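Notes follow once the structure below has been shown.
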Amino acid sequence: MSKVNIQPKSYKAFTTRNIETIPQFEALPTEIHDAIQIVSRVMPFRANNYVIDELIDWSNPEGDPIFKLVFPQKGMLSCEDYTALEAIHRAGEPDTVLQAEARRIQQKMNPHPAGQMELNVPKCKGQAINGLQHKYKETVLFFPTQGQVCHAYCTYCFRWAQFVGVDDLKFACGDPEALISYLEEHPEVTDVLFTGGDPLIMSSRILRRYVEPILKRRPGNIRSIRFGTKVLAYWPYRFLTDKDADDLMHLFDEIVGAGFHLAVMSHFSHHRELETEAVKAAVSRILSTGANIRCQAPLIRHINDDPEVWRIMWEKQVSLGAIPYYMFIERDTGPKDYFSVPLFEAYRIFTEAYSKVSGLARTVRGPSMSATPGKVLVDGVTELGGEKQFALKFIQARNPEWVNRLFFAEYDESAVWLSDLKPAFGEKTFFFEA
Ligand SMILES: *Cc1c(COP(=O)(O)O)cnc(C)c1O
Ligand code: SF4
């Protein structure tokens, strides 16, 4: 674990409630200012002083990718919903009326994409085990109760329902024993992925309660421990100068020392997030423990829908010693019309960026949809029998026999998700639907 040469920063949180206290907020043009206040009643807002001061370029907020990443935008609501909220806001109705309307809009925004609730939660003697998801044979997702928030909220997040309380944290688990017993009973599992929200928002002491039993008892066949996190992008001081940063680094040391592969699965949406002194120091400190950093993000309209953004981002990741891992396609939830990029365009953006980086950055895979049957890669555009097709491939699948199998769909420039696609060559169904 290396020493730190970064000035500590004390944490300041901003949410929908105190958004007015962000010093730069007042100076925004009135329409943007009002729109943010209105939309943030539906899509939760949260940020902190690092994101506000070090990541956003306030000389041009409307053109700024990080501004769009964290501040709710007018286009995220349908025209009717926005107009309804605006009318209530203008009429000066009591806050409860605005709240009720916001809640109604939230309810219809598909809080559970890809059959998360019904299909992935494992059962034990007919009883669902909350806080665990087991979709792909080798990897169990674990949602620790104290890790179900984030240091800032991404406007495109598909987990927003839990942040606004539509979901009552149905997914979370506070009991490390439940995880250990599940792993003991499932020898096929090699990886535990702590996720959220953001598991690294937890204090090191609480995180340790979940991780130590794995190190000491070595349940089943666990070889890798992963943390799915955006803390590197949203609050790198977590690894540097926060009061339990050294404890966290000790825990990383211990995980690696106990012989586990430790992967910090880092969500980076834009290369800007890799450019501050704090993030560079944090990456280097994490790597000094022997942990790996693997980077992933969705492709998002208005934020990173440009091949240059990805090329630069992957190159910076490699320069810092991190490993490009996944480019995702935006899921079918929340304000997806505002953020979605059609599949053909996602493929073009990926290919253009991928073709410009060295093999060291071509560890990245994508663009990939985390759909109900599995992670589906848009692997190419083909032309057979005088017609165009998408070539698709499972890189993860509910049924392991589907993995790495190619299949084809009719080429369709309006398709944004697997469910929009029709099988090619006049077939009635895709092979996995049988
Ligand atoms: C992506 C994902 C994983 C991890 O997949 P890897 O390809 O091993 O990184 C595990 N479970 C679910 C439900 C996922 O969506
Ligand atoms: S960091 Fe991840 S879980 Fe948190 S708001 Fe962003 S996308 Fe959602």
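The values are calculated or read from the model by the stated rules, or taken from the named source; none is laboratory data. Every value quoted in this text rests on a predicted model; they were computed, and no experiment measured them. Heads up, the Cβs are rebuilt from the backbone with ideal geometry, glycines too, and the neighbour counts pull from every protein chain shown. Note: areas computed on protein heavy atoms with side chains; ligands, DNA, RNA excluded. Shrake-Rupley method; radii C 1.70, N 1.55, O 1.52, S 1.80 Å.
Points to keep in mind about this one:
- Residue match in region 189-204 (condition: in a helix (DSSP H, G or I), away from ligand 2 (no atom under 11 Å from the Cβ) and at pLDDT 95 or above): yes
- Scope region 69-107; condition under 23 Å from the mean Cα position of the chain (by Cα) and within 21 Å of residue 162 (Cα to Cα); matching residues: 69, 70, 71, 72, 73, 76, 77, 105, 106, 107
- Answer residue from region 214-238, given it is open to solvent by less than 30 Å² (accessible area, probe 1.4 Å) and away from ligand 2 (no atom under 16 Å from the Cβ) and is farthest from residue 7 (Cα to Cα) among those: 219
- Here residue 398 clears all of (1) farther than 27 Å from residue 137 by Cα; (2) under 22 Å from the mean Cα position of the chain (by Cα) except the condition numbered (1).
- Of all residues in region 186-202 being open to solvent by 10 Å² or more (accessible area, probe 1.4 Å) and either among the charged types (D, E, K, R) or under 12 Å from residue 145 (Cα atoms) (or both), the one that is nearest to ligand 1 (Cβ to nearest atom): 191
- Looking at region 355-430, the strands (runs of 3 or more DSSP E) lying wholly inside it that each contain 2 or more residues that are in contact (Cβ under 8 Å) with a residue 60 or more places away in the chain, surrounded by 15 or more Cβ atoms within 10 Å (Cβ to Cβ) and touching a helix residue (DSSP H, G or I) at 6+ places or on another chain (Cβ under 6 Å) sit at 365-370.
- Restricting attention to region 133-164, the residues that are assigned to a loop (DSSP other than H, G, I, E, B) and over 19 Å from residue 13 (Cα atoms) add up to 6.
- Test: residue in region 165-179 that is part of a loop (DSSP other than H, G, I, E, B), within 16 Å of ligand 2 (Cβ to nearest atom), touching a residue at least 40 places away in the same chain (Cβ under 8 Å) and surrounded by fewer than 17 Cβ atoms within 10 Å (Cβ to Cβ): yes
- Region 275-321, residues that are among the polar types (S, T, N, Q), farther than 30 Å from residue 340 by Cβ and buried (at least 17 other Cβ atoms within 10 Å of the Cβ): 289, 292
- Hey, residue 227 within 16 Å of ligand 1 (Cβ to nearest atom) and assigned to a loop (DSSP other than H, G, I, E, B) or not: no
- Residue in region 245-263 that is within 16 Å of ligand 1 (Cβ to nearest atom), buried (at least 20 other Cβ atoms within 10 Å of the Cβ), among the β-branched types (Val, Ile, Thr) and more than 30 Å from residue 306 (Cβ to Cβ) present: no
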